[in-house]
Amino acid sequence: MTEAWTSEKIRQTFLDYFEARDHTVVPSASLVPQDDPTLLFTNAGMNQFKDVFLGTGTRPYTRATDTQKVMRVAGKHNDLEDVGRDGTHHTLFEMLGNWSFGDYYKKEAIAWAWDLLTRVYGLASDRLWATFFKDDEGDLGIDEEAVHHWRATTIDPRHILPFGRKDNFWEMGDTGPCGPSSEIFYDRGPAACDRQTIADHVCRVNGDCERFTEVWNLVFIQYNRHASGDLEPLPAQHIDTGLGFERLVALLQDQTSNYRTDLFWPIIERVQVLVGQTDAQREASLVPYRVIADHIRAVTFLIGDGVLPANDGRGYVLRMILRRAVRFGRTLGFTQPFMSELADIVVQKMGQVFPELPARIDFIKATILGEEKRFLRTLDQGLGRLEEIIDEVKTEGATEIPGDQAFFLHDTLGLPFEVTRDIVLEHGLTIDEAGYQAEREAQRARGRAAGAFELEADVHAQLYPQLQAWIQSQTPKWELAYDPYGALEVGTRVVALLCDDQIATIAQEGDTLELVLADTCFYVESGGQVSDTGRITGPDWEMTVTEMRRPIEGLIIHVGHVIRGTPRVGDAVTAQVDEVRRRDIMRNHTATHLLHRALREVLGSHVQQAGSVVAPDRLRFDFNHNAPMTAAQRARIEQIVTEVVLADELVTSRQESYREALSQGVIALFEEKYGETVRVLRVGEPAHPLSEELCGGTHVARTSEIGAFLILDEEGIGAGVRRIEAATGRGALDAVQTLRERQEQTAALLSTPLEELPQRAARLLEELKTAQREIDQLTRKLARADFQSLLNDVIEIDEVPVLTAQVDVPDADTLREMADWFRDKMQGGVIVLGTVVDGKPLLIAATTNQMVERHNLHAGNLIRQLAEIVGGGGGGRPDMAQAGGRNAAKLPTALGAVPDLVREMLSTKH
Ligand code: SER
């Protein structure tokens, strides 16, 4: 065996070998089977060709080869329990395969497998063994054909052995394509046996030790297994082979364990560095290393194929595998997340062959990290509880952990059954798996009964009913109370916690938390009034409350961050609303009712509320009305509200039947839904109320608490709908102070007393206008003076006055005007002016008809030659022509060329 057999080379050699034999190299299918409800995960290379075998689908080729990612952790093929405990089983592995769809058959399949293993890969032929099918349960007979083709190779004839249905009849699942198989084994020699100490153990092919390793399975697909159990012969015969890639790599790299190959070892080394163990320590605790190295590959690939941690289906397998690895990590000493970092190594190693991994690396890592954090939150509790259960069972002299206890650990503390089983086995005990499954099934049925099942797609739609059901299942029973109308502080208890959308019993500092209290005085957004904020203080912890939610009726959630300590379910707490903020909100809410009343009084009784927002700093009130408010109306409304404020009216509420309230003319809003009993909010004495509205919000006790009321803005927001923004109390003060500050700044800038500001501003505007007029006149005067001075630059060529100049003007029109002006002043002659407009050169040439006739000084001819110099074109009348170009830098050259050109034109006169 040579060093040169890297895993990359081994894989490529396989694909090349079959490609050279007319096989089409196809990509690996996803781990999530497409359109096959019979499979949880892709469990064999042939899955993606199932339809071809059954004759229901075709491909544009009859021979194919690939490397397929597969998982065998559920159903007919489940290797999970062996993973980590030996060196040859994995949750996720690669299966190299070659296929014939009704094309070649046993002869080629056997001959090529033998040739590739012995000649190309160089495995010693005397170490190889082959099996064939000999029916031991029915009438399928002996696969003589396979024996015949094996004898045609150089294999030792004593190494060809028959086996029955259990070992040599391959089936994809309970149904689907199947057939007899022929397996190839490699004998690693007696030293590889891991069961030497067991009495009566004999190393043999299809035995239970590691000496004979199954390497390659050649399946001769001939039947379709029906759900009834019947085997139906297929219309054509096919080849389906699967070569265990990791095992082949171990053989070619001369390793006894797959974990010591270049596929896994880099992960193991990284784990060792992260936990800081010596080589000797590592060798003493290989199982956790192996489990982690295996599981991180599976986790990375699963998320790469779109599977997310969940409580059932594929998501459960992912969650379970990840948590199993984290638990094994804990035995090595990891207390912090470590798995997401290992994903990098997997992706580096496998990214070339499986491009979906590098493409999704960030998502993969974030998902792993999130799930690790979630698990770490409950892991200690789960492990602690399990230790207690184990102690109790041992004390009782029993050996089995009850199923309902395992279910409790799984369901409440997030400890997957498989993790509990690992630990229980480590204690030499067993677990009542049937009891656990029964509990799980019962819970599923409860979920379905609660109607949560249909909404599976929406995590939250499921989560909150689940949380509510969980709360209701607790003893003693909680009575949840919501009273935002009384005191702003309440002593109560934590009933439930949610972290990252999971029911938890404990949270950590820094966590974002959703928390349910037995009693709360925090208002939850409703009827336009925003939610309260505040804080909750436990025995040794504190959290902020930044948001409130009522996801379903009867469940009120406080959302915030843990700023100190460790909140737990059951803790006694003090919940405190931010009082200053809440009082501002109450002022604004009562003022909203007063505004509503004043609008109806001033604009008319047609005014109806169309929406509102009651926040601490302002209130917003939308209502139907067709015209903007005049300044006088606005002032009147402020005045009416202020009078009620000053009258210090009483604000009270009462519960009443909806019907009764309406019959008394209480204002109700169209879009609101009201229950049988409603809360009526009244301002004023019962005998002559000023305002009565149905309202669930919180209000001041007397109107004088509002302090001040000020409209800040009024605008139209749609056909017939207007919006008012207003402020009360501190908000109004803020608004007035800001206004005054601006006025004072303006007055200071204009050096004027505040009360004279308008006159001063008007006077300044007048002065500005006069000044602008003067500037215009002066500018024109200056320009003329400039032109005048240019006249000094006029030169004479053969007695013809010539002026060339580069000037600064904004456009071609001004340039033309200038040329005209010079032509007048110079009484004939030649004028060429150039300028740059928007980065482009512009030239104009002017002369007179007399010059044209007498001296042949044609402006058009002249300009065309100049245009060439600036990289453009031009033309015009004989006495005035214009050119544009691209190269502004050449403008001086063009102007400099004018005297010579004029001289030349003059010399060629007739
Ligand atoms: N389908 C067979 C197996 O998975 C051969 O590819 O073992």
In nanometres, what is the gap between the two model label sites at Thr746 and Asp22, each 7 Å from Cα along Cα-to-Cβ? 9.1
Aspartates and glutamates near Lys373 by alpha-carbon distance under 12 Å, same-chain residues fewer than 8 away left out - which ones? Asp500, Asp511
Once the dipole of the chain is set up with Lys and Arg at +1 and Asp and Glu at -1 on Cβ about the Cα centre, which of Val326, Asn856, Ile667 lies farthest towards its positive end? Asn856
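By how many nm would the segment from Arg158 to Ala310 grow when fully extended, if each residue of separation counts as 0.36 nm and the alpha-carbon distance is taken off?
Numbers: separation 152, 0.36 × 152 = 54.72 nm, distance 5.09 nm.
Taking Arg158 through Ala310 to full extension adds about 49.6 nm, to one decimal.
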Can you work out the FRET efficiency for the pair Asp900 and Glu774, with r the C-beta to C-beta distance and R0 = 51 Å, to the nearest 0.05? 0.70
Take the alpha-carbon centre of the stretch 145-188, take the same for the stretch 300-326, and report the distance between them in whole Å. 34
Net dipole in debye of the stretch 772-910 [+1 Lys, Arg Cβ; -1 Asp, Glu Cβ; about Cα centre; nearest 20]: 180
Cα gyration tensor category, rounded, prolate or oblate, for the stretch 587-734 with a/c compared to 1.5: oblate
Write down the accessible area per residue of the chain in Å², having rolled a 1.4 Å probe over the full set of protein chains. 46
At 1.4 Å probe size, with the rest of the protein present, what percent of the exposed accessible area of the chain is carbon and sulfur atoms? 49
May I ask you to compute the full-extension gain from Leu765 to Thr475, defined as 0.36 nm times their residue separation minus their alpha-carbon distance, rounded to one decimal in nm? 96.5 nm
The stretch 93-218: relative contact order from alpha carbon pairs under 8 Å, six or more residues apart, as a whole percent, is 23
Spatial separation of Cα centroids for the stretch 731-775 and the stretch 217-282, in angstrom: 84
How large is the accessible surface of Glu685 in square angstrom, using a 1.4 angstrom probe and rounding to the nearest 10? 80
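Using r as the Cβ-Cβ distance of Ala398 and Asp135, and R0 as 41 Å, what FRET efficiency do you calculate, to the nearest 0.05?
Details: r = 44 Å, r/R0 = 1.08.
Once rounded, the FRET efficiency stands at 0.40.
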Mind listing the Cα extents of the stretch 836-882 along all three principal axes, in Å, largest one first? 36, 16, 12
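State which entries of Lys69/Lys166; Lys50/Lys166; Lys781/Lys890; Lys50/Lys365; Lys166/Lys365 exceed 29 angstrom in Cα-Cα distance in the structure shown. Please list the in-between numbers first.
On the way: Lys69/Lys166 24 Å; Lys50/Lys166 22 Å; Lys781/Lys890 31 Å; Lys50/Lys365 33 Å; Lys166/Lys365 40 Å.
Cα-Cα > 29 Å for Lys781/Lys890; Lys50/Lys365; Lys166/Lys365; rest within.
Which of rounded, prolate, oblate describes the stretch 142-230, given a ≥ b ≥ c as roots of the alpha-carbon gyration tensor eigenvalues and a/c under 1.5 marking rounded, otherwise prolate only if a/b is larger than b/c?
In terms of gyration-tensor shape, oblate.
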Post the alpha-carbon centroid distance, the stretch 485-510 to the stretch 810-833, in whole angstrom. 85
If all Cα-Cα distances of the chain are sorted into 20 Å bins from 0 onward, what percent lands in each bin, rounded to whole numbers? 11, 25, 19, 20, 19, 6, 0
Which one of Ala481, Ala735, Ile506 is farthest out on the positive end of the charge dipole of the chain, using unit charges on Cβ (Lys, Arg +1; Asp, Glu -1) and the Cα centre as origin? Ala735
Everything considered on the Cα gyration tensor (a ≥ b ≥ c; rounded for a/c under 1.5, else prolate if a/b is larger than b/c, else oblate), the stretch 490-609 must be described as prolate
Under 25 °C and 0.890 mPa s, how fast does the stretch 117-188 diffuse according to Stokes-Einstein, given a Kirkwood radius computed over C-alpha pairs? Answer in µm²/s, whole number. 186
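Kindly give the semi-axes, whole Å and largest first, of the ellipsoid equivalent to the stretch 249-304, taking each as the square root of 5 times a Cα gyration tensor eigenvalue. Kindly include the intermediate steps, with their values, before the conclusion.
Numbers: eigenvalues 67, 56, 15 Å².
Ellipsoid semi-axes (Å, largest first): 18, 17, 9.
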Could you pull out every residue, at least 5 positions away or on a different chain, whose amide H is within less than 5 Å of the one on Arg564? Hs are placed 1.01 Å off N in the peptide plane, and Pro or chain starts have none. Gly510, Glu542
May I ask you to compute the full-extension gain from Asp36 to Ala434, defined as 0.36 nm times their residue separation minus their alpha-carbon distance, rounded to one decimal in nm? 140.5 nm
Treat each spin label as a single point 7 Å out from the Cα along the C-beta direction, and report the Thr677 to Thr13 distance in nm. 8.3
So, with +1 on the Cβ of K and R and -1 on the Cβ of D and E, and no other charges, what is the size of the charge dipole of the stretch 100-220 about its Cα centre, to the nearest 20 debye? 480
Starting from the 7 Å offset along Cα-to-Cβ, what nm value, one decimal, do you get for the label separation of Asp362 and Asp254? 4.5
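How big is the charge dipole of the stretch 197-327 about its Cα centre, in debye rounded to the nearest 20, if each Lys and Arg gets +1 on its Cβ and each Asp and Glu gets -1 on its Cβ? If you can, show how the numbers build up before the last one.
Values: 14 positive and 16 negative charges, 106 e Å.
Roughly 500 debye, rounded to the nearest 20.
For Arg581 and Gln348, what does the FRET efficiency come to when R0 = 41 Å and r is the distance between their Cβ atoms, rounded to the nearest 0.05?
Values: r = 51 Å, r/R0 = 1.25.
Using R0 = 41 Å, I get an efficiency of 0.20.
The values are calculated or read from the model by the stated rules, or taken from the named source; none is laboratory data. Please read these numbers as outputs of a predicted model, since none were measured by experiment. Note that each Cβ is placed from the backbone with ideal geometry, even for glycine, and that neighbours are counted across all protein chains shown. Calculation scope for accessible area: heavy atoms of the full protein, side chains included, ligands and nucleic acids excluded. Shrake-Rupley method; radii C 1.70, N 1.55, O 1.52, S 1.80 Å.
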